[in-house]
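Computed from the coordinates by the stated procedures, all read-outs in this text should not be read as laboratory data. Please read all numbers here as calculations on a predicted model, not as lab measurements. As a convention, Cβ positions derive from the backbone with ideal geometry for all residues, glycine included, and neighbour counts pool all protein chains shown.
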Amino acid sequence: MNSIVTTNIVRFIVFVLLQVLVFKGISFGGEWSGYFNLIVYPIFIILLPLRLPHFLIVILGFVLGISIDLFYDSLGVHASACVFLAFIRPVILAVLAPQGGYNMSFSPTKARFGNTWFLIYSSAMLFLHLFFYFSVEAFTFYHIGQIFLKTLFTFFISMIFIIVYQFSLNPLD
């Protein structure tokens, strides 16, 4: 149990630091630069253990989001997107549940549930997070085309990082 807690604390710190110190400063230049963002911190919520109570996941989502907001000066946009992601996580897990159900002592990683399941799960979670984030950032659906383009471009760039993370480090917990 202590190793799982330690692993997730380290994961939290690493992803917050990566996001605010490294990925925040990456710019893809040109007139499309506003459409390409590298957002990787949702992987923390995606990889939380299955047995964690829902209310705790929502609280951790808020803490993660507000930590990112402090560095981005975004007044709760990241926090709201993380709380939304934490809130819908059980729904996504229920929809994607394997026939025999989940072994609740695991984290939802590709090593535990397979490549296909993990790609579908993480893709759904990341896409929903990004769409919610860019919708709240725009604060209107008047620019739905821009919201959708930002979501798609950011999704593909961020998903590449998540896939590389899963395949290179192969985390079990």
| query | Val77: in contact (Cβ under 8 Å) with a residue 60 or more places away in the chain, closer than 15 Å to Phe131 by Cα and out of contact with any Gly (no Cβ under 9 Å at 6 or more places or on another chain), yes or no? | reply | no
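Can you find even one residue in the range 121-128 that is farther than 17 Å from Leu47 by Cβ and polar (S, T, N, Q)?
no
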| What number goes with the only condition from (1) within 18 Å of Val40 (Cβ to Cβ); (2) in contact with a Ser or Thr (Cβ under 7 Å, 6 or more places away or on another chain) that Phe71 does not pass? | (2)
| query | Is there any pair with a first residue in the range 1-19 that is farther than 14 Å from Ser105 by Cβ and a second that is of a type in the set (S, T, N, Q) whose Cβ atoms are under 8 Å apart and which are 6 or more apart or on different chains, and what are they? | reply | Val16/Ser67
